[in-house]
Amino acid sequence: MIKERELWVAYLLWFLLGLVGVHKFYVNKIGMGILYIFTGGLFVIGWLIDLFTLPSQVRKYNEEVRRLQGVQ
């Protein structure tokens, strides 16, 4: 069973390890996570954008988990 993600955990990962994309891996954006590793969070600009877009990324991930589990 796949568990939903928590927004506070995503922000903690973003703050502590965001420049290497750990928060991207947390919401299953593997490709972006790898890109963040090699570019330092897209040269810090992507890291700053994630400050505002992280809630929608977590929400989208959780909606997909619910859809796959057949729960609405």
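Once the Cα-Cα distance is subtracted from the 0.36 nm per residue extended length, the residue 48 to residue 34 segment shows a gain of 3.3 nm.
Once the Cα atoms of helix 30-43 and of the chain are each reduced to a long axis, what angle between those two axes, in degrees from 0 to 90 to the nearest 10, is obtained? Orientation of helix 30-43: about 30 degrees from the principal axis. Across the range 54-68, coupling constants 3J(HN,Hα) worked out from phi with the 6.51/-1.76/1.60 Karplus curve, θ = phi - 60°, read 4, x, 6, 5, 5, 4, 4, 4, 5, 5, 5, 4, 4, 5, 5 Hz, and Gly and Pro carry x.
Computed over the range 7-60, the percent of Cα pairs more than 12 Å apart is 56. Here the extension length gained between residue 9 and residue 66 equals 18.6 nm, from 0.36 nm per residue of separation less the Cα-Cα distance.
Based on DSSP H segments of at least four residues, each scored -39500 (n - 2.57), the chain has a per-residue ellipticity at 222 nm of -24500 deg cm²/dmol.
Any read-out appearing in this document is the output of simple, stated calculations on the displayed coordinates, not a laboratory observation. Just so you know, these numbers come straight off a predicted model, no measurement behind them.
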